[in-house]
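Everything on this sheet refers to the single structure shown next.
The values are calculated or read from the model by the stated rules, or taken from the named source; none is laboratory data. Keep in mind it's a predicted model, so treat the numbers as computed, not measured. Cβ: placed from backbone, ideal geometry, glycine included. Neighbour counts: every protein chain shown.
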Amino acid sequence: MNGIVLKTEHLTMQFGGVVAVDDLNIEIPQGHITALIGPNGAGKTTAFNVVTGGYMPTNGRVVFHDKVIGENHPRSKMKKIYNGSDRTTFHHQVVNTPDKITRLGMARTFQNIRLFKELSVFENVLIAKHCRIKAGMLSATFRLNHVEERTMREQTQELLKTVGLADLAREKASSLPYGKQRRLEIARALATSPSLLLLDEPAAGMNPKETEELAQFIKDIKDSFNLTVFLIEHHMNLVMDISDKIYVLDYGKTIAMGTPKEVQNDPAVIRAYLGVEDE
Amino acid sequence: MRRSRNTVLSVISAGVFLAILYMLNLNRAGNGMLISIMQKSAIFALVAVSMNLLNGFTGLFSLGQAGFMSIGAYTTAILLIPVQSLDGVYYMNGINPGIRALKVFLSALPPWFQSVYPFVALIIGALFAAVIASIVGVAVLRLKSDYLAIATLGLSEIIRALFSSPQLDGITNGSYGLNKIPAFPKMFGGLVPPIITPFIVSAVCITLIVLLIRSSYGRAFMAIREDEIAAEAMGISLFKHKSMSFIISSFFSALAGGMLAMYMRSIEAKTFSITLTYDILLIVVIGGIGSVTGSVLGAFLVTASKEWWLRFFDQPLELFGWDVPLFRTGFRMVIFSILLMMVVLIYRRGLMGTNEFSWDRIFGRFKWKRKKVQGGGS
């Protein structure tokens, strides 16, 4: 299966007069690691939030496994109107809440770690398994789903072993060192059994050695869980090392895209990162 | 090994508690005060635990408990007042003929139904509150933190005002309230005497809540408490789980409200004013927000010290022929408030924090600190 997992068409997000994401067109093929980079405030996280259902796009649509999961096309509200390549396809709104999108198979991590701090590592991962639960509330209360419950616990244990957090299972999430918290957040996202994993700056605040480990970790989980990965990152080493394709955003606009090598030598990218040279 | 020891200890202590209750039942004469305080504590323990489910485990700061209690109390009371007392109760405005007809019909049902009828009435009251909660929840649960608290507080006041309004005279008897409500029934054909019934009902309900909290859904509630955005990103539907918690909490609050009606034998809308919610909130906070055993412990401690242990401060006291001026009626509430402040200052997060009572902790008191750092686990 080598289809397109995630596609955005003319995705635009506007907050008042600020166009945070401007006509973003992304295609993420199955099994690839795709990165979204750009200077601070370029609109990368906003793009993520639109894709995962946090915001409704001002215009454009998000297609996940050939299913439209977010779509909007207002004809008058926008300062800048995109009608799309095919006017007729944009005619209705599709709004999904983040939890529905997660259940469709898209899991994410956050830029500033958002763990369930007071709960144990084990519980953090176990909770993420809840979205796949089949038992209703009553049968769960009366333990009629004890087989399912046991499977959930076993899978959680298995997953913790895979990501190397098994010996910390009973620790409180907030007591873990920073790098491990990042890892736990990824493990928690994996527990929702996603087909696409979105990582929002997974290497933020990590030293070079940790970053290197993380790169290996992302490659490992991609292979072992048969994932497609979409990440935002600032660490150029990490991005250049693991990505198959890179999109560069600046002030909401896509200024470049291509393989790491192409992007590295793109004059527009160099200008955005190093500033404009005086002419 | 350790687990079986804990089970044995729990069973033994529950047995001892039951034995004490049965002893009290045999020696009712001198222990009226003790029995009534313990019954009230048991009822409040249930309300506190149901409030804790919402406030402590789901992180929804709701102050509507008294409103839902009053729904349960009124429904149960109307269903339970004997037909022959109806005219006496509704002496001012008369009773709605529909309700009278319903009650006459119900009282003609066979004896086996009459013996379970009080419990049916409790459950009907609770279901009624749950239905109201599910309707109101759609609107109210969009709000967060303080705003939710204000909205639910308003809701409970609206319910109270409705119940005491003259338009509902034929049903709730308006501002006169309802009386002649039958006391607790016996259970299992007399195996459980009336005095012990509230303890059994509370215990069963609290067990159900604990089972829910420990299930996957309970964990989802805690996830929402910890971080809504992350919980939603993990596929937990916020609205579904919040309303679930809200409805269940209302259900059990109303059930406890029905028991309160049986306990007090007469209710009026004023009983369910904001102060009642605050009393329960107090129990939850003192016991520890997010701890079921804390709420139960808090219910017994707060009720006992408020109604019983501190009584002696209300009596005039003579020390060496000197009449201490402070010891007058109402002084116990001053002492009570001071004690509360001390408890809150010493135990910042309530008596139990977010921990639960466990035998391991009792035996390993010295490891207390270390365990706290490691966190509760499951």
| request: Give the residue that is nearest to the other protein chains (Cβ to nearest Cβ), with candidates limited to residues of the stretch B:169-212 that are under 30 Å from A:ILE133 (Cβ atoms) and among the hydroxyl-bearing types (Ser, Thr, Tyr). | output: B:THR207
| said: Can you list residue pairs whose Cβ atoms sit under 9 Å apart, with the first residue in the stretch A:221-232 being in contact (Cβ under 8 Å) with a residue 12 or more places away in the chain and the second being of a type in the set (Phe, Trp, Tyr) and buried (at least 17 other Cβ atoms within 10 Å of the Cβ)? Count only pairs 6 or more apart in sequence or on different chains. | reply: A:PHE230/A:PHE48; A:ILE232/A:PHE48
| said: Which numbered condition in (1) among the β-branched types (Val, Ile, Thr); (2) in contact with a Phe, Trp or Tyr (Cβ under 6 Å, 6 or more places away or on another chain); (3) modelled with pLDDT under 75 is the only one that B:ILE335 fails? | reply: (3)
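Among the helices (runs of 4 or more DSSP H) contained in the stretch B:35-123, which hold 1 or more residues that are within 30 Å of B:GLU228 (Cα to Cα)? Spell out how you get there, then give the answer.
Numbers: elements: B:65-80, B:86-89, B:97-107.
Hits in the stretch B:35-123: B:65-80.
Okay, residues lined up against (1) in a loop (DSSP other than H, G, I, E, B); (2) at pLDDT below 85; (3) not assigned by TED's automatic domain parsing to the domain that holds A:GLU233:
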{"residue": "A:MET1", "(1), (2), (3)": "yes, yes, no"}
{"residue": "A:THR8", "(1), (2), (3)": "no, no, no"}
{"residue": "A:GLU27", "(1), (2), (3)": "no, no, no"}
{"residue": "A:ARG61", "(1), (2), (3)": "no, yes, no"}
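How about the stretch B:254-270: which of its residues are over 20 Å from B:MET38 (Cβ atoms) and assigned to a helix (DSSP H, G or I)?
Applying the first criterion (over 20 Å from B:MET38 (Cβ atoms)) to the stretch B:254-270 yields B:254, B:266-270.
Passing the criteria: B:ALA254, B:ALA269, B:LYS270.
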| Can you name the condition, by its number, that B:THR197 falls short on among (1) of a type outside the set (D, E, K, R); (2) buried (at least 17 other Cβ atoms within 10 Å of the Cβ); (3) in contact with a helix residue (DSSP H, G or I) (Cβ under 8 Å, 6 or more places away or on another chain)? | (3)
| note | Picked from the stretch A:131-184 (must be touching a Gly at 6+ places or on another chain (Cβ under 7 Å) and assigned to a helix (DSSP H, G or I)), the residue farthest from the other protein chains (Cβ to nearest Cβ) is A:TYR178
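Within the stretch A:192-213, count every residue that is in contact (Cβ under 8 Å) with a residue 40 or more places away in the chain and not hydrophobic (A, V, I, L, M, F, W, C).
To start, the set of residues in the stretch A:192-213 that are in contact (Cβ under 8 Å) with a residue 40 or more places away in the chain comprises A:192-202, A:204.
If we keep only those that are not hydrophobic (A, V, I, L, M, F, W, C) too, we end up with A:192-195, A:200-202.
Going through the stretch A:192-213 one residue at a time, the tally reaches 7.
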| said: What's the number of the only condition in (1) touching a residue at least 24 places away in the same chain (Cβ under 8 Å); (2) farther than 20 Å from B:SER253 by Cα that B:LEU143 fails to meet? | reply: (1)
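I'd like to verify a number: residues in the stretch B:218-234 that are more than 7 Å from every other protein chain (Cβ to nearest Cβ) and hydrophobic (A, V, I, L, M, F, W, C), how many?
Within the stretch B:218-234, the subset more than 7 Å from every other protein chain (Cβ to nearest Cβ) is B:218, B:221, B:224-225, B:228, B:231.
If we keep only those that are hydrophobic (A, V, I, L, M, F, W, C) too, we end up with B:221, B:224, B:231.
Selection size over the stretch B:218-234: 3.
Looking for whichever is touching a helix residue (DSSP H, G or I) at 6+ places or on another chain (Cβ under 6 Å) and of a type in the set (A, V, I, L, M) here; the options are B:ILE95, B:ILE12. Which one fits? Break it down stepwise before answering.
Working: B:ILE12 fails: touching a helix residue (DSSP H, G or I) at 6+ places or on another chain (Cβ under 6 Å).
Every option except B:ILE95 fails the conditions.
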| remark: When the stretch A:92-112 is checked residue by residue, the ones that are outside any helix (DSSP H, G or I), within 9 Å of chain B (Cβ to nearest Cβ) and crowded, with 17+ Cβ neighbours inside 10 Å are A:ALA107, A:ARG108, A:THR109, A:PHE110
| query | Looking at B:SER215, B:SER250, which is the one that is more than 9 Å from chain A (Cβ to nearest Cβ), buried (at least 23 other Cβ atoms within 10 Å of the Cβ) and hydroxyl-bearing (Ser, Thr, Tyr)? | reply | B:SER250
| task | For the stretch B:31-44, state whether one or more residues are without any contact (Cβ under 8 Å) to a residue 60 or more places away in the chain and over 18 Å from B:ASP279 (Cβ atoms). | result | yes
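Identify the residue in the stretch B:171-202 that is out of contact with any Asp or Glu (no Cβ under 6 Å at 6 or more places or on another chain) and at positive phi and, among all such residues, is modelled with the highest pLDDT.
So the residue we want is B:LYS180.
Identify the residue in the stretch B:172-192 that is of a type outside the set (Lys, Arg) and surrounded by fewer than 16 Cβ atoms within 10 Å (Cβ to Cβ) and, among all such residues, is nearest to the chain's Cα centre (by Cα). Spell out the reasoning first.
First, pick out the residues of the stretch B:172-192 that are of a type outside the set (Lys, Arg): B:172-179, B:181-185, B:187-192.
Okay, now just the ones that are also surrounded by fewer than 16 Cβ atoms within 10 Å (Cβ to Cβ), so B:175, B:183, B:188-191.
Values: B:SER175: 24, B:ALA183: 17, B:PHE188: 23, B:GLY189: 26, B:GLY190: 25, B:LEU191: 24 Å.
Per the criteria, the residue is B:ALA183.
What do you reckon, is B:LEU260 crowded, with 24+ Cβ neighbours inside 10 Å, touching a strand residue (DSSP E or B) at 6+ places or on another chain (Cβ under 8 Å) and within 30 Å of B:LYS180 (Cα to Cα)?
So B:LEU260 fits the description; yes.
Restricting the search to the stretch B:229-245, which residues are free of Cβ contacts under 8 Å to residues at least 12 places away in the same chain and in a helix (DSSP H, G or I)?
Looking only at the stretch B:229-245, we keep the residues that are free of Cβ contacts under 8 Å to residues at least 12 places away in the same chain, and these are B:229-235, B:237, B:240.
Passing the criteria: B:ILE229, B:ALA230, B:ALA231, B:GLU232, B:ALA233, B:LYS240.
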| request: Please work out if B:LEU54 is modelled with pLDDT of 90 or more, surrounded by 24 or more Cβ atoms within 10 Å (Cβ to Cβ) and not small (Gly, Ala, Ser). | output: yes
| request: Of all residues in the stretch A:194-225, count the ones that are more than 23 Å from A:LEU249 (Cβ to Cβ), at pLDDT below 90 and either outside any helix (DSSP H, G or I) or not assigned by TED's automatic domain parsing to the domain that holds A:GLY43 (or both). | output: 2
